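The values are calculated or read from the model by the stated rules, or taken from the named source; none is laboratory data. No experiment lies behind these values; they were computed from the predicted model shown. Neighbour counts are summed over all protein chains in view; Cβ atoms, including those assigned to glycine, are modelled from backbone coordinates with ideal geometry.
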Amino acid sequence: MRIRSCMHAIGARMLEMLINSDGGDYRGRRIEGERGQHYQFIEYREKKLLTVLGPIWLRRAYYYDRQAQRGWCPKDSRLDIVGSSYSCGVRRMMSKVGAYRSFGLGQQDLYELAGSAPRKSSGSQRGSASRWRFFIGPRPARRRLV
């Protein structure tokens, strides 16, 4: 288990370097959106993303449309993480485990798949998808069958 954890950490770091090698997906001072609106570059923003290898930080160019008062990070669209902090792979694992087992039992399965364990977030949010967060941490204790 120790070797796998180290390899996941190394892989996560390499993935982070690869994904951020594009300069944050900077496309110039002004860009045109899908519907003809004009976005102006404001700044670079960071986002923490959980991947099957572990958490990584993304550097993304942030553009803002003053007329519509709406911001946009093109990199989020390209990576399919708009409104999410989970990679496609983690979302796939969550849906597969959730389809077959209850959340309590699925926790151990998720840890074995990627070394991540689910944890309930604080707050009074509605909807099961928004109530659960992943963290990389110590292995949860196994239940003994009697």
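Annotation: of all residues in region 86-100 being surrounded by fewer than 14 Cβ atoms within 10 Å (Cβ to Cβ) and not aliphatic (A, V, I, L, M), the one that is nearest to TYR44 (Cα to Cα) is CYS88. Scanning region 77-86 for residues being in a helix (DSSP H, G or I) and touching a helix residue (DSSP H, G or I) at 6+ places or on another chain (Cβ under 9 Å) gives a total of 2.
Residue under question is HIS38, and the condition is that it be modelled with pLDDT under 90 and not charged (D, E, K, R); does it hold? Considered against the rule, which asks whether it is modelled with pLDDT under 90 and not charged (D, E, K, R), HIS38 comes out as no.
The number of residues in region 34-57 that are farther than 13 Å from GLY71 by Cα, among the basic types (Lys, Arg) and surrounded by 14 or more Cβ atoms within 10 Å (Cβ to Cβ) comes to 1.
Based on what the data block shows, is GLY83 at positive phi, surrounded by 15 or more Cβ atoms within 10 Å (Cβ to Cβ) and within 12 Å of the chain's Cα centre (by Cα)?
For GLY83, the condition - at positive phi, surrounded by 15 or more Cβ atoms within 10 Å (Cβ to Cβ) and within 12 Å of the chain's Cα centre (by Cα) - is not met.
Within region 24-33, the residues that satisfy the criterion of being in contact (Cβ under 8 Å) with a residue 24 or more places away in the chain and either closer than 12 Å to LEU58 by Cβ or surrounded by fewer than 10 Cβ atoms within 10 Å (Cβ to Cβ) (or both) are GLY24, ASP25.
List the residue pairs whose Cβ atoms are under 9 Å apart, where the first residue sits in region 77-91 and is farther than 15 Å from LEU110 by Cα, the second is among the polar types (S, T, N, Q), and the two are 6 or more positions apart or on different chains. From residues that are farther than 15 Å from LEU110 by Cα, the pairs are LEU79/SER87; ASP80/SER87; ILE81/SER87.
The residue list ILE56, ILE42, ILE31 contains one member that is within 21 Å of MET94 (Cα to Cα), of a type in the set (Val, Ile, Thr) and in contact with a strand residue (DSSP E or B) (Cβ under 8 Å, 6 or more places away or on another chain), which is ILE56. In region 96-104, is there at least one residue being over 25 Å from GLY23 (Cα atoms), modelled with pLDDT under 80, not assigned by TED's automatic domain parsing to the domain that holds ASN20 and not in a helix (DSSP H, G or I)? Scanning region 96-104 turns up at least one residue that is over 25 Å from GLY23 (Cα atoms), modelled with pLDDT under 80, not assigned by TED's automatic domain parsing to the domain that holds ASN20 and not in a helix (DSSP H, G or I).
If we keep just the residues of region 63-80 that are more than 14 Å from the chain's Cα centre (by Cα) and surrounded by fewer than 18 Cβ atoms within 10 Å (Cβ to Cβ), which is nearest to GLY28 (Cα to Cα)? This residue is TYR64.
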